Amino acid sequence: MTLVVLLAAAAIVAVTADTRARARVGAAAAPAKFSVSVVHTYPHDPNAYTQGLIFRDGVLYESTGISGKSSLRKVALETGEVLQFKPVDAQYFAEGLTDWNGQLLQLTWQSQVGFVYDLKTFALQRTFSFTGEGWGLTHDGSRLILSDGTDRLRFLDPVTMKELGAVSVRDGNEPVPELNELEYVRGAVLANVWHTDRIARINPATGLVTAWIDLHGLLPHYQLQGEAVLNGIAYDAAGDRLFVTGKLWPKLFEVRLVPAR
Ligand SMILES: [Ca+2]
């Protein structure tokens with residue numbers, strides 16, 4: 001009798017373990033869902049058409065777009081004050097921004113040209129060329145990661161700008177196009193999706209969306225009106241702080257992810 005009970009109990013444990021294993025496989029395929037809570041609200045230049053945003057050494061660096069208005073900026077987080085400003089030649093529409101080895105790298109939208117600046121002086125050091133459109137830019141410590149308005153993330157050598165590979169970003173089997181501003185955060189790529197209030201968290205090795213972050217209502221009076229859409233993600237690795245803003249938004253937010261109910 002005791003043996004029968006033990007065997008039955010063992011079978012139940014085995015079945016439960018098998019069910020859990022299957023559930024884990026299923027969970028890996030379905031993106032997690034997060035909303036956010038606002039930790040701090042900061043001012044942001046409502047004339048800044050944000051196309052690239054990073055946080056380094058206590059300050060924000062920002063790339064703004066629109067031909068004739070494009071710029072590179074160093075911005076104080078707490079006040080939104082523009083501490084340093086370099087206009088981009090009027091023929092260019094500036095896009096994504098990242099830093100690399102004491103330099104700032106800035107994309108242009110359709111000119112297939114990028115700029116390399118000295119991070120401290122903003123002096124233009126060189127230009128580089130790339131194919132296709134330039135939207136978002138970040139890096140993973142060894143490669144640049146570029147979005148171009150499609151569902152692709154391309155990986156580039158940060159020195160030679162040679163293309164090293166690419167992934168198609170998918171939510172399950174569905175491609176996720178119009179990936180915009182990017183930020184590499186703890187092994188994942190965060191990407192704004194153009195004209196939406198969602199950020200995709202992407203596994204750069206597979207292209208799979210591992211989570212959706214819903215920022216709906218963060219700035220209700222501006223959100224999704226014209227082109228004043230969510231765009232701009234920066235990460236303070238030392239302080240583990242995540243910042244988001246949008247094109248022409250008067251505010252920039254430090255947010256914390258909260259599992260969606
Ligand atoms: Ca960014």
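The values are calculated or read from the model by the stated rules, or taken from the named source; none is laboratory data. For clarity, every value in this text was computed on a predicted model and none was experimentally measured. Every residue, glycine as well, gets a Cβ built from its backbone with ideal geometry; the counts of neighbours run over all protein chains shown.
Can you say whether residue 165 is surrounded by fewer than 15 Cβ atoms within 10 Å (Cβ to Cβ), within 16 Å of the ligand (Cβ to nearest atom) and in the same structural domain as residue 54 (by TED's automatic domain parsing), as far as the supplied structure shows? Criteria not met by residue 165.
Quick check on residue 48: is it within 16 Å of the ligand (Cβ to nearest atom) and under 21 Å from the mean Cα position of the chain (by Cα)? Yes. The set of residues from segment 93-115 being buried (at least 23 other Cβ atoms within 10 Å of the Cβ) and either of a type outside the set (Phe, Trp, Tyr) or not in a strand (DSSP E or B) (or both) comprises 94, 95, 96, 97, 98, 104, 105, 106, 107, 108, 114. From the list 234, 200, which one is within 16 Å of the ligand (Cβ to nearest atom), touching a residue at least 24 places away in the same chain (Cβ under 8 Å) and under 18 Å from residue 41 (Cβ atoms)? Of the residues listed, the single one that is within 16 Å of the ligand (Cβ to nearest atom), touching a residue at least 24 places away in the same chain (Cβ under 8 Å) and under 18 Å from residue 41 (Cβ atoms) is 234. Looking across segment 116-138, the residues that are within 16 Å of the ligand (Cβ to nearest atom) and either part of a loop (DSSP other than H, G, I, E, B) or basic (Lys, Arg) (or both) come down to 119, 134, 135, 136.
If you check 126, 152, 170, which single one turns out to be over 30 Å from residue 90 (Cβ atoms) and basic (Lys, Arg)? Outline the logic, then answer.
On the way: 126 fails: over 30 Å from residue 90 (Cβ atoms); 152 fails: over 30 Å from residue 90 (Cβ atoms).
Matching residue, one of 126, 152, 170: 170.
Here segment 97-107 is the region considered, the condition is being within 17 Å of the chain's Cα centre (by Cα) and among the polar types (S, T, N, Q), and the residue that is nearest to the ligand (Cβ to nearest atom) is 98.
When you go through 90, 27 one by one, which is the residue that is modelled with pLDDT under 95 and on the phi < 0 side of the Ramachandran plot? Let's see the steps before the verdict.
Numbers: 90 fails: modelled with pLDDT under 95.
One residue alone meets the criteria, 27.
Across segment 62-96, the qualifying residues are those that are within 16 Å of the ligand (Cβ to nearest atom), in contact with a Leu (Cβ under 6 Å, 6 or more places away or on another chain) and hydrophobic (A, V, I, L, M, F, W, C), and the one among them that is nearest to residue 130 (Cα to Cα) is 75.
Yes/no matrix, rows are residues, columns are (1) under 24 Å from residue 150 (Cα atoms); (2) at pLDDT below 90:
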| site | (1), (2) |
| --- | --- |
| 205 | yes, no |
| 208 | yes, no |
| 226 | yes, yes |
| 235 | yes, no |
| 255 | no, no |
